[in-house]
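To start, the structure under review is shown below, and the notes come after it.
The values are calculated or read from the model by the stated rules, or taken from the named source; none is laboratory data. Just so it is clear, the model here is predicted, and its values are computed rather than measured. Heads up, the Cβs are rebuilt from the backbone with ideal geometry, glycines too, and the neighbour counts pull from every protein chain shown. The protein model used for the area step is the full one, side chains on, heavy atoms only, and it has no ligands, DNA or RNA in it. Shrake-Rupley method; radii C 1.70, N 1.55, O 1.52, S 1.80 Å.
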Amino acid sequence: MTAVDDRPTTEVGRDRRRKEDQRLITGRTRWTDNIQLPGMLHLAMVRSPFAHAKILSIGTDEAKASTGVVAVYTGADLADSQGVNINAWPITPDQVTPTHLPVPADRVAHSGEIVAVVVARTAAQARDAAELVDVDYEELPAVLDMKEALKDEVLAHPDSGTNKSAFWKLDSKEQGSGGDVDEAIAKARQDGIVIEREYRQQRLVPAFMEPRSTVVDPTGEQISIWSATQVPHILRFAIAATMGIPESKVRVIAPDVGGGFGGKLQTTPEEFATIAVARKLGKPCKYTETRSETMVSAHHGRDQWQKLTLSAEKDGTVTGLKVELLADLGAYVAIVGGGVPVLGAWMFNSIYKFPAYQFNCQTILTNKTWVDAYRGAGRPEATYAIERIMDELAAEVGVDPIAIREKNWITHDEFPFTTVAGMTYDSGNYEAATEKALELFGYEELRAEQKQRRESGDPVQLGLGVSTFTEMCGLAPSRVLGSLSYGAGGWESASIRMLATGTVEVVSGATPHGQGHETAWSQIVADRLGIPFENIEVLHGDTQTAPKGLDTYGSRSLVVGGEAIVRAADKVIEKAKPIAAHLLEASVDDLEFSAGQFTVKGTDKGIGLTDIALATFAAHNLPDGVEPSIDADATYDPVNFSFPHGTHLCAMEVDTETGATSMRKYVCVDDIGTIINPLIVEGQVHGGLVQGIAQALWEGAEYDEQGTLVSGSFVDYTLPTAADTINFVSEHTVSPSTTNTLGTKGVGEAGTIASTPAVVNAIVDAVRHLGIDDIQMPCTPERVWKAIQSAGSHQAAAPVADAQPHFGDDAPNQDPAAGSTDGAAQ
Amino acid sequence: MIPASFDYLAPTSVEEALSVLAEAGDDAKVLAGGQSLLPILRMRLNAPEKVVDLGRIEALRGVRDGGDHLAIGAMTPYSDVVANDLVREHAGLLARAVETVADPQIRHRGTLGGALVHADPAGDVGAPVLALDATMVVVGPGGERTVPATEFFHDLFETAVGDGELLTEIRIPKHTGWGSAYEKFVRVSHQWSIVAVAATVRVEGGSIAEARVGLTNMGNTPLRATAVEQALVGSSASGLADACAAAAEGTNPPSDLNGDADYRRHLATVLTRRAVQKAMEG
Ligand SMILES: Cc1cc2nc3c(=O)[nH]c(=O)nc-3n(C[C@H](O)[C@H](O)[C@H](O)COP(=O)(O)OP(=O)(O)OC[C@H]3O[C@@H](n4cnc5c(N)ncnc54)[C@H](O)[C@@H]3O)c2cc1C
């Protein structure tokens, strides 16, 4: 453990405008699709309209004869040269992992899969010719519904023999981190409270702003690949591992990348296909997808059924939690697809001191678009379910949702705290964040208004939703990843180059796609080395300049990558010190470093770090045996995850006449430890909130019975805009992390993780008095209205005093009013 | 997304446009603001050989005072319709509806005529035009004819405007002094109407003397709720619910991700009441 650094700062904590914004916002920059190479060819993909079909034949003659067409390749043509999409995290040794070829030759397993690639002189010619490729399919039965898939009657991949990919379990008794959950539940059935619920995490589309694009230049010593990716380093590894190209012959560049939200942490069929084609033809090639293609072929997120059984004493003290997840992986096990739901294993217990806990996860293959990480990846799903069911417990006990949380949460004096799932939370203060949030929100006044609206029978009801979340991010200690059979480590690397003329290059292996790394890293290094903010250049995203790295996802860049930078900076100082001593004719032990200056203690003699950089460049007068460089590298492997937390409060108005909901107020108090740049944090929180709120209210990837994505464009996939949101109040409490030098915690996903249950809890709270205890997401006006209608109609049947719902054999034990209108294929 | 290639023609008069269309036959498509046509071309749902852009025909643009009616050129962009003082004064309902269409960018390009000929049942201009008893002016090889709004909308995406014909003008009888409201129900702000209700009323002495109600997305075409209009006569603000209860009668709304037909019928009654209520207030 590292003690938190309390040196004075001038840059850290300052709300610097982001350096990168001018070029990113104006678009006058190097987006992959802006790259033009001499003689470059353009690709268009022919995609399957069927969810599951045999490819009988592919007629390419007409397409080949079309104007400007250079080649048309089918899966058979690319067979041995196209590599394969990898799964980096087999969650069990016997996980069923169907081979995922970029361009399959004989069978497609989801609609949108590539069956042929057209190469032409212009993108328009390629698109025209793609229309002429004649594919003869034989449709196969498709399995689309997770619960249907479990029966193994229709198989997503007939050769696999089953749709069940893997089963993964964590049991607190077995691993020695807690008690026996079945015992706790059995006891509660006798003398306590048992709450059983099944929640639905709908499928979402990551909807990044920049569609994916890849440019490949196969000429030259190294093959150069530009791609709109979050993971250039992992892509390079995957290319080397699966395409038979030595890693040293591959250069991957992620130029400016327009968002990802996890959606670009994949190595994609489109990337592999473009590389394969460029190598075959020996010419630069570009492929840029359309938004319609993004919707069906870039991976989706979420998509789980979550069964929870919560046992408690009559006073609301939780005694156990059992979780049974069904997670749809779609047609293939994506790079970390199987692992995403498993990340929930350590999060369902959240901020609470549950004595017994069990997590079960069954991953399932279906004939839908593959599923992988989407902002929060496994933690929003877990947070949603636990925060929803804690509200149900509060309702059962008859206390305020805040009170039930207070009764069960870890108190600030109990940190570091090892949870029932086996994670050790380093720091936090749930009481402080909650107190501040309640005050900012005006909780009591809003409760009073709610009461008044209920009593007066106002057609517009008010509900208050609470979400006290924590999450684990900063992926990840390599040893932990190893113990989970993850195929890589979780370290991050950084280099600092002290240029002769006084400016500094900071090289980071964490590749941003909109996060503002260039600004934040500059602030950190400016303080650390006493170099002006403006004189620092941050380089990233090119395996030639930033050869080592594990990229950006899981709120890791600052807490892991930032720490690597801190360590590299400290090494620069250490390397400069003997040179400073030599030039000052002083002993190393007598030197002090502060604000960019080495000084000799007790004298006014000193020398600046940039002067040492110049002296080192000249190398005319260095101490004997000292190399002429003060540049330094560091690779940091985190000792623990990062555990930000916060209290989010949401007030929703529900128009009971139409089911329409509207947000009245949203307050969040997040504790993300030390804040490097409050403006960037605000941006992350706001964007995260909107994405989480969108899951609660608006977004959902819906398929029809044929396996066609119905919400396949932004007409039907209703993304919100600024016009749909309100002003959020976002504040902070600060419990510095004790596991990194700067005391920082991740913030990239916090808003998304926390907000979804706050919103749904508020909606349910608004109509609970009508007899409603769940509404399925997205809480469309239609679902809300139908819930109200059906609750009204069976309200006459008086509730039995202490009846507790139990799971039926197959039906989800939801309120019948929950509105299961997810289409035929959930 | 790249459309299939086509020839682009930009006539500068209606006559020229008609002759270009006559020559091209079935293979031509008229382009107005392009806000519906271009997505269709780019998604390759249609691939005409010729696209005839009406954008350079000045005569088709603008709002004229025609005495007892307003004459709005088919190529008048939404944004001009909303900003026009004559429209706001004499056909307030149209302005109220048009300001809910999509977003400012789309309202700067999309045209009133283009939207009417496109005739998407979820489009926001059909119902107000119908409710305001507008007349459409259509020209073709056989000359000019006028079509009452009640006969203009034939089916989903089908109107009285035939191949080789152009909609040139929309004539709206003045409804000076009428109150109006357009109640558009959507999940996100830039969405097409799930259901919307266009209502305009003339109030005399606190009760309704005349009412016009149009429904958006309650069937394959915009609809007039005539039974409601009649029932509303004589109603005061407190007695609207009964009169509006029949708003969805005889409608055949779609079922989709935003709601099934029953839900839409329910919405139509609630929104009709609200629209009329607001219209009474001004
Ligand atoms: C993102 C988005 C959101 C939208 N949201 C809404 C919404 O909320 N509400 C809404 O009502 N609409 C919405 N629209 C559609 C918009 O209103 C369109 O502008 C309108 O439907 C078409 O008008 P236009 O001038 O763009 O016509 P175009 O797209 O150019 O043409 C439409 C059709 O009409 C034909 N046509 C056009 N003008 C004439 C003419 N004078 N004579 C004969 N034929 C003609 C064309 O050949 C074509 O078939 C949206 C569009 C987009 C892209």
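Key figures
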| quantity | calculated |
| --- | --- |
| Counted residues, the stretch B:1-52 - those being within 14 Å of chain A (Cβ to nearest Cβ), closer than 21 Å to A:GLU131 by Cα and touching a residue at least 60 places away in the same chain (Cβ under 8 Å) | 0 |
| Filter result for the condition that a residue is within 26 Å of A:GLU435 (Cα to Cα) and of a type in the set (Phe, Trp, Tyr), over A:TYR374, A:TYR332, A:TYR352, A:TYR357 | A:TYR352 |
| Helices (runs of 4 or more DSSP H) enclosed by the stretch B:93-135 - at least 2 residues per element that are more than 8 Å from the ligand (Cβ to nearest atom) and farther than 16 Å from B:PHE152 by Cβ | B:104-109 |
| Condition check for B:ARG264: among the basic types (Lys, Arg), assigned by TED's automatic domain parsing to the domain that holds B:ALA227 and either farther than 24 Å from B:GLY206 by Cα or in contact (Cβ under 8 Å) with a residue 40 or more places away in the chain (or both) | yes |
| Strands (runs of 3 or more DSSP E) wholly inside the stretch B:142-191 that include at least 3 residues being away from every other protein chain (no Cβ under 14 Å), open to solvent by 50 Å² or more (accessible area, probe 1.4 Å) and over 30 Å from B:ALA268 (Cα atoms) | B:143-148 |
| Listing of strands (runs of 3 or more DSSP E) fully contained in the stretch A:586-675 that carry 2 or more residues being open to solvent by 70 Å² or more (accessible area, probe 1.4 Å) and not aliphatic (A, V, I, L, M) | A:591-594, A:632-636 |
| Filter result for B:GLY219 (free of Cβ contacts under 8 Å to residues at least 40 places away in the same chain, surrounded by fewer than 24 Cβ atoms within 10 Å (Cβ to Cβ) and either outside the structural domain of B:HIS90 (by TED's automatic domain parsing) or not in a strand (DSSP E or B) (or both)) | no |
| Those residues of the stretch B:247-279 which are away from every other protein chain (no Cβ under 11 Å), outside any helix (DSSP H, G or I), among the small types (Gly, Ala, Ser) and surrounded by 17 or more Cβ atoms within 10 Å (Cβ to Cβ), in sequence order | B:ALA247, B:ALA248 |
| Pair list, Cβ < 6 Å and 6+ apart or interchain, from the stretch A:706-735 residues that are open to solvent by 60 Å² or more (accessible area, probe 1.4 Å) to residues that are within 13 Å of the ligand (Cβ to nearest atom) and not in a loop (DSSP other than H, G, I, E, B) | none |
| Matching helices (runs of 4 or more DSSP H) fully within the stretch A:259-368 where at least 1 residues are within 14 Å of chain B (Cβ to nearest Cβ) | A:291-297 |
| Count of residues meeting criterion [farther than 19 Å from A:PRO757 by Cβ and in a loop (DSSP other than H, G, I, E, B)] in the stretch A:436-493 | 16 |
| Residue that is within 14 Å of chain B (Cβ to nearest Cβ) and not in a loop (DSSP other than H, G, I, E, B), where the choices are A:VAL685, A:VAL715, A:VAL690 | A:VAL690 |
| Index of the failed condition, A:ALA156 passing every other in (1) out of contact with any His (no Cβ under 8 Å at 6 or more places or on another chain); (2) among the small types (Gly, Ala, Ser); (3) open to solvent by less than 30 Å² (accessible area, probe 1.4 Å) | (1) |
| Residues of the stretch A:244-257 satisfying the condition of being open to solvent by less than 20 Å² (accessible area, probe 1.4 Å) and either closer than 14 Å to A:GLN222 by Cα or not assigned by TED's automatic domain parsing to the domain that holds A:VAL215 (or both) | A:ILE245, A:VAL250, A:VAL252, A:ILE253 |
| Qualifying residues in the stretch B:223-246 (those that are open to solvent by 20 Å² or more (accessible area, probe 1.4 Å) and within 17 Å of A:THR658 (Cβ to Cβ)) - the one farthest from the other protein chains (Cβ to nearest Cβ) | B:ALA245 |
| Cβ pairs under 7 Å, 6+ apart, first in the stretch B:54-68 and assigned to a loop (DSSP other than H, G, I, E, B), second crowded, with 17+ Cβ neighbours inside 10 Å and charged (D, E, K, R) | B:GLY66/B:ARG171; B:ASP68/B:LYS174 |
| Members of the stretch B:72-92 found to be more than 14 Å from the ligand (Cβ to nearest atom) and either open to solvent by less than 10 Å² (accessible area, probe 1.4 Å) or of a type in the set (A, V, I, L, M, F, W, C) (or both), listed by number | B:ALA83, B:LEU86, B:VAL87, B:ALA91 |
| Residue among A:THR738, A:THR752, A:THR756 that is assigned to a loop (DSSP other than H, G, I, E, B) and within 25 Å of A:VAL559 (Cβ to Cβ) | A:THR738 |
| Pick from the stretch B:25-69, criterion more than 19 Å from B:GLY110 (Cβ to Cβ) and under 19 Å from the mean Cα position of the chain (by Cα), ranking: farthest from the ligand (Cβ to nearest atom) | B:HIS69 |
| Selection status of B:ILE194, out of contact with any Cys (no Cβ under 6 Å at 6 or more places or on another chain), within 14 Å of chain A (Cβ to nearest Cβ) and farther than 18 Å from B:VAL129 by Cα | yes |
| Boolean, A:ASP303 is among the acidic types (Asp, Glu) and over 15 Å from A:GLN201 (Cα atoms) | no |
| Odd one out for A:ARG236 among (1) part of a helix (DSSP H, G or I); (2) more than 27 Å from A:PRO93 (Cα to Cα) | (2) |
| Single residue of the stretch B:138-162 satisfying the filter (more than 10 Å from the ligand (Cβ to nearest atom) and of a type in the set (A, V, I, L, M)) that is nearest to B:HIS90 (Cα to Cα) | B:ALA149 |
| Qualifying residue in the stretch B:13-24 (condition: within 13 Å of the ligand (Cβ to nearest atom), under 30 Å from A:HIS42 (Cα atoms) and modelled with pLDDT under 95) | no |
| Members of the stretch A:390-407 found to be over 16 Å from A:GLY192 (Cα atoms) and assigned to a helix (DSSP H, G or I), listed by number | A:ASP391, A:PRO401, A:ILE402, A:ALA403, A:ARG405, A:GLU406 |
